[in-house]
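Engineer: Here you go, one structure.
The values are calculated or read from the model by the stated rules, or taken from the named source; none is laboratory data. Keep in mind that this is a model prediction, so the values were computed, not measured. FYI the Cβ positions are ideal-geometry reconstructions off the backbone, even for glycines, and counts take in every protein chain you see.
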Amino acid sequence: MTDLLRQEIVTTATTIVVKVGTRVLSRDDGTLDQERITRLAEELNSLLEVGKRVVLVSSGAVGAGMSQLEMDQRPTDLATLQAVAAIGQTNLVEAYDRTLRSHGRHAAQVLLTAEDLHDRTRYLNVRNTILALLSLGAVPIINENDTVAVDELKTTFGDNDRLAAMVTNLLQAPLLVVLSDVDGLYDGHPADHASQVIPTITQINDQTMSLVRDQQTGVSKGGMASKLEAARMVTSAGENVIIASGRTPNVLADIMQGHVTGTLFVAQGKSVSPKKRWIAFSAQPQGSLGIDAGAAQALQREGRSLLAIGIRNVTGNFRKGDVVVIYNPEGQEIARGLTNYSTTDLQKIKGRQSREIADLLGHCPYDEVVHRDNLNLASSP
């Protein structure tokens with residue numbers, strides 16, 4: 001069965017980010033499934049043949065390393081995990097490249113850390129590199145740099161979901177396809193035969209998040225929860241997400257034909273500008289500002305900038321140009337933006353009129369603490 005909305009999304013999506021998880025690429029013993037990688041690379045090539053630009057965010061470095069070293073169990077200490085990932089990363093990319101080269105194409109390894117996407121200059125450099133690779137007809141294979149990214153290997157499955165969302169926003173890709181070991185988001189417990197995959201989600205809210213279940217215990221767990229958070233990041237920036245089973249043969253072909261496969265998360269509103277995507281989803285906040293109700297209304301309802309008079313609390317140690325989180329009087333995050341003033345200066349001018357800034361600081365470089373052009377409003381739950 002096909003769906004007109006899905007057909008429209010896949011037809012107009014010139015750039016597609018595909019994320020594949022460790023459980024899709026691994027056997028039951030945790031080692032790499034070479035046949036599954038070959039099939040996935042064939043499907044990626046099929047997308048290229050119809051004119052799509054494809055970026056792959058792939059887990060599996062540790063599994064590939066275990067295969068190379070003939071390990072039966074995943075290492076538990078961090079240093080060994082990082083070493084195994086380093087060994088496995090080359091094998092993982094080579095496995096993709098082997099199939100792509102048979103079609104005259106190339107895989108390109110891109111290893112990232114959170115700092116690469118936090119720093120604005122490095123963020124833009126990463127974007128330019130990936131776009132250059134796409135222009136050459138290559139398939140960027142992106143993974144977190146497991147050999148130095150400590151948090152990546154210490155947390156549960158699903159960490160690359162966030163990376164995939166950040167890459168999607170980095171490139172303004174209209175579609176992110178997350179290939180998982182489940183068929184999509186279920187309306188009940190996945191183990192219950194009466195439960196069905198929800199074909200379309202138009203808004204990710206508390207009710208949506210309450211559907212996340214672990215197949216064994218029935219409680220929320222990282223796998224689907226992290227995928228929904230990734231979907232929230234992408235859809236709030238104005239793009240679309242499909243979560244589907246990576247173990248289903250020709251799943252990408254079915255998706256590209258508009259078949260009702262997996263769960264579609266529909267874009268929320270207009271596409272957000274590249275700069276605001278970086279502010280909202282990639283840059284790490286260095287502090288926060290608590291504002292009064294009047295300032296919150298001015299930001300959310302009137303599209304205005306944040307002035308010093310509306311600020312009540314300043315926390316953190318930040319400099320001019322850093323990203324700060326803005327909270328309303330109820331403690332809810334309503335926006336993120338680039339501050340024109342440091343923590344020290346804001347402590348002096350908070351709650352004061354803009355005309356008083358020059359007397360308080362000795363100069364007044366900006367009337368606004370956060371200009372509306374450098375501010376991204378949080379999506380409503």
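Engineer: Kindly evaluate residue 264 against the criterion of being more than 26 Å from residue 126 (Cβ to Cβ), in the same structural domain as residue 344 (by TED's automatic domain parsing), crowded, with 23+ Cβ neighbours inside 10 Å and not polar (S, T, N, Q).
Structural biologist: When the stated conditions are applied, residue 264 does not pass them.
Engineer: Return the residue satisfying two criteria in turn: it lies in the range 11-58 and is farther than 21 Å from residue 105 by Cβ and among the basic types (Lys, Arg), and of such residues it is surrounded by the fewest Cβ atoms within 10 Å (Cβ to Cβ).
Structural biologist: Checked the range 11-58; the qualifying residue surrounded by the fewest Cβ atoms within 10 Å (Cβ to Cβ) is 27.
Engineer: Within the range 210-228, identify whether any single residue is at positive phi and either at pLDDT 90 or above or of a type in the set (S, T, N, Q) (or both), and answer yes or no.
Structural biologist: No: the range 210-228 contains no residue that is at positive phi and either at pLDDT 90 or above or of a type in the set (S, T, N, Q) (or both).
Engineer: Which of the residues that make up the range 241-255 are part of a loop (DSSP other than H, G, I, E, B) and more than 19 Å from residue 51 (Cβ to Cβ)?
Structural biologist: Hits for the range 241-255 are 246, 247, 248, 249.
Engineer: While we're here: Out of 111, 117, 56, I need the residue that is in the same structural domain as residue 234 (by TED's automatic domain parsing), farther than 22 Å from residue 252 by Cα and in a strand (DSSP E or B). Which one?
Structural biologist: 111
Engineer: Of the conditions (1) touching a residue at least 60 places away in the same chain (Cβ under 8 Å); (2) among the polar types (S, T, N, Q); (3) under 30 Å from residue 258 (Cβ atoms), residue 82 satisfies every one except a single condition; which number is it?
Structural biologist: Status for residue 82: all satisfied but (3).
Engineer: May I ask you to list the residues in the range 268-325 that are among the charged types (D, E, K, R), assigned to a loop (DSSP other than H, G, I, E, B) and in contact with a strand residue (DSSP E or B) (Cβ under 6 Å, 6 or more places away or on another chain)?
Structural biologist: If the condition is that a residue be among the charged types (D, E, K, R), assigned to a loop (DSSP other than H, G, I, E, B) and in contact with a strand residue (DSSP E or B) (Cβ under 6 Å, 6 or more places away or on another chain), then 292 is the only one that fits.
Engineer: Here is a check on your reading of the model: is residue 88 among the small types (Gly, Ala, Ser), in the same structural domain as residue 138 (by TED's automatic domain parsing), part of a helix (DSSP H, G or I) and without any contact (Cβ under 8 Å) to a residue 60 or more places away in the chain?
Structural biologist: Criteria met by residue 88.
Engineer: Checking the structure you have, find out if any residue of the range 29-40 is under 23 Å from residue 245 (Cβ atoms), in contact with an Asp or Glu (Cβ under 7 Å, 6 or more places away or on another chain), without any contact (Cβ under 8 Å) to a residue 60 or more places away in the chain and among the hydroxyl-bearing types (Ser, Thr, Tyr).
Structural biologist: no
Engineer: Within the group 72, 29, 97, which residue is touching a His at 6+ places or on another chain (Cβ under 7 Å), assigned by TED's automatic domain parsing to the domain that holds residue 251 and either outside any helix (DSSP H, G or I) or of a type in the set (Asp, Glu) (or both)?
Structural biologist: So the residue among 72, 29, 97 that is touching a His at 6+ places or on another chain (Cβ under 7 Å), assigned by TED's automatic domain parsing to the domain that holds residue 251 and either outside any helix (DSSP H, G or I) or of a type in the set (Asp, Glu) (or both) is 97.
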